[in-house]
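J.: One structure, as structure tokens, below. Some questions next.
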Amino acid sequence: MKYSLSFLLLFVVSLASAQDITKMKWKQLFNGKNLKGWTPKIRGHAYGDNFGNTFRVEDGKMTVGYEAYDSFDERFGHIFYKTPYSYYIFAVEYRFVGKQANNGPGWAYKNSGIMVHCQDPATMHQNQDFPISIEVQLLGGDSTGERTTCNLCTPGTNVEMDGKLFTPHCINSNSKTFRNEEWVRAEVVVLGDSIIHHIANGDTVLTYQKPQIGGGAVSDFDPAQKKDGQLLSSGYISLQSESHPVQFRKVEIIDLSRYYRKRK
């Protein structure tokens, strides 16, 4: 079933007063000028080391590029926003551009992601590939073939679907295919440890419940950070570098936490 972000917000705004609703506006997390508030963590490098200027701003867009890489060599990267969140709506407008980095894995062609409920990036080991987190997988298509976006992947995590624990690493959404260098708006509604919705260009394309630590698909992590079965109610947000150049022209959030505090 597809439904709009506005429909999902009906539940949220029902918790708020009319005055609160008028204040429910997007906060820009990317200023279009620099990476203030954002810190990279690239595999094989220390937290804060922006190897090869992987993450930068070009023409007002947050850009991920690999010109300094002779070979990608599984240097998966993430750029983290400074503030953790629990109840929120997060959105990016993204597109894939150019050619994949040399020796990038085949599955990473036109592949990036929004990572939510991330572990504190300061707790990641230097050679850790992905943060323990929930991934809203962003994919691009070519002129032919079908390839959905706003899929779910689970590095070091699991979720529930239809009341049952879902343990495969990834599952496709029911989105359409967005082709070539088309701009796409991806949104994720995160309501603590209860429910998460993925939205592609206004259509809800995937929903699941009870995000929690568990499963595999993450390496070189600190075992103390992976307490399997622990529900994820909050965490950091990051954007990926997985070997294909990608641009983000908008990165924004609506913090819903104050409405949920009113319910308690």
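Residues checked against (1) part of a strand (DSSP E or B); (2) touching a Ser or Thr at 6+ places or on another chain (Cβ under 9 Å); (3) modelled with pLDDT of 95 or more; (4) closer than 16 Å to V189 by Cα:
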{"position": "L206", "(1), (2), (3), (4)": "yes, yes, yes, yes"}
{"position": "Q209", "(1), (2), (3), (4)": "yes, yes, yes, yes"}
{"position": "A217", "(1), (2), (3), (4)": "no, yes, no, no"}
{"position": "D220", "(1), (2), (3), (4)": "no, no, yes, no"}
{"position": "A224", "(1), (2), (3), (4)": "no, yes, yes, no"}
{"position": "D228", "(1), (2), (3), (4)": "no, no, yes, no"}
{"position": "Y236", "(1), (2), (3), (4)": "yes, yes, yes, yes"}
{"position": "Q240", "(1), (2), (3), (4)": "yes, yes, yes, no"}
{"position": "S243", "(1), (2), (3), (4)": "no, no, yes, no"}
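J.: Of the residues that make up segment 104-125, is at least one part of a loop (DSSP other than H, G, I, E, B) and closer than 13 Å to I237 by Cα?
T.: Just the residues of segment 104-125 that are part of a loop (DSSP other than H, G, I, E, B), to begin with: 104-105, 109-110, 119-120, 124-125.
Then drop every residue that is not closer than 13 Å to I237 by Cα, which leaves 119-120.
Yes, that holds for at least one residue.
J.: Select from segment 185-226 the residues that are among the hydroxyl-bearing types (S, T, Y) and free of Cβ contacts under 8 Å to residues at least 60 places away in the same chain and write down the one among them that is surrounded by the fewest Cβ atoms within 10 Å (Cβ to Cβ).
T.: Going residue by residue through segment 185-226, those that are among the hydroxyl-bearing types (S, T, Y) are 194, 204, 207-208, 219.
Among the residues that remain, those that are also free of Cβ contacts under 8 Å to residues at least 60 places away in the same chain are: 194, 207-208.
On the way: S194: 13, T207: 18, Y208: 19.
The selected residue is S194.
J.: To continue, here is another question. Regarding segment 177-184, can at least one residue be identified that is closer than 22 Å to E74 by Cβ, touching a residue at least 24 places away in the same chain (Cβ under 8 Å) and assigned to a strand (DSSP E or B)?
T.: So the first thing to find is which residues in segment 177-184 are closer than 22 Å to E74 by Cβ, and the list is none.
No: segment 177-184 contains no residue that is closer than 22 Å to E74 by Cβ, touching a residue at least 24 places away in the same chain (Cβ under 8 Å) and assigned to a strand (DSSP E or B).
J.: Of the residues that make up segment 154-161, is at least one assigned to a strand (DSSP E or B), touching a residue at least 40 places away in the same chain (Cβ under 8 Å) and surrounded by fewer than 18 Cβ atoms within 10 Å (Cβ to Cβ)?
T.: Applying the first criterion (assigned to a strand (DSSP E or B)) to segment 154-161 yields 157-161.
Now drop any that are not touching a residue at least 40 places away in the same chain (Cβ under 8 Å), which leaves 157-161.
Checking which are surrounded by fewer than 18 Cβ atoms within 10 Å (Cβ to Cβ) leaves us with 160-161.
Checked segment 154-161: at least one residue is assigned to a strand (DSSP E or B), touching a residue at least 40 places away in the same chain (Cβ under 8 Å) and surrounded by fewer than 18 Cβ atoms within 10 Å (Cβ to Cβ).
J.: Moving on. Which members of segment 33-49 meet the condition of being under 19 Å from the mean Cα position of the chain (by Cα) and either among the aromatic types (F, W, Y) or surrounded by 13 or more Cβ atoms within 10 Å (Cβ to Cβ) (or both)?
T.: L35, G37, W38, T39, P40, K41, I42, R43, Y47
J.: Can you tell me how many residues in segment 84-102 are touching a Phe, Trp or Tyr at 6+ places or on another chain (Cβ under 8 Å), within 19 Å of F55 (Cα to Cα) and not charged (D, E, K, R)?
T.: Residues flagged as touching a Phe, Trp or Tyr at 6+ places or on another chain (Cβ under 8 Å), within 19 Å of F55 (Cα to Cα) and not charged (D, E, K, R) within segment 84-102 amount to 6.
J.: Right, another one. Could you grab me the full set of residues in segment 212-264 that are farther than 11 Å from S133 by Cα, under 14 Å from the mean Cα position of the chain (by Cα) and among the β-branched types (V, I, T)?
T.: Correct list: V246, V251, I253.
J.: While we're here: Could you check segment 1-91 for strands (runs of 3 or more DSSP E) lying wholly inside it with 2 or more residues that are at pLDDT below 95, of a type in the set (K, R) and closer than 28 Å to S194 by Cα? Lay out the reasoning, then the answer.
T.: On the way: elements: 38-42, 55-58, 61-64, 77-81.
Once the strands (runs of 3 or more DSSP E) in segment 1-91 are filtered for at least 2 residues that are at pLDDT below 95, of a type in the set (K, R) and closer than 28 Å to S194 by Cα, nothing remains.
The values are calculated or read from the model by the stated rules, or taken from the named source; none is laboratory data. Predicted, not measured: the structure shown is a model, and the values here were computed from it. Quick reminder, even Gly has a Cβ in these numbers, built from the backbone with ideal geometry, and neighbours come from all protein chains shown.
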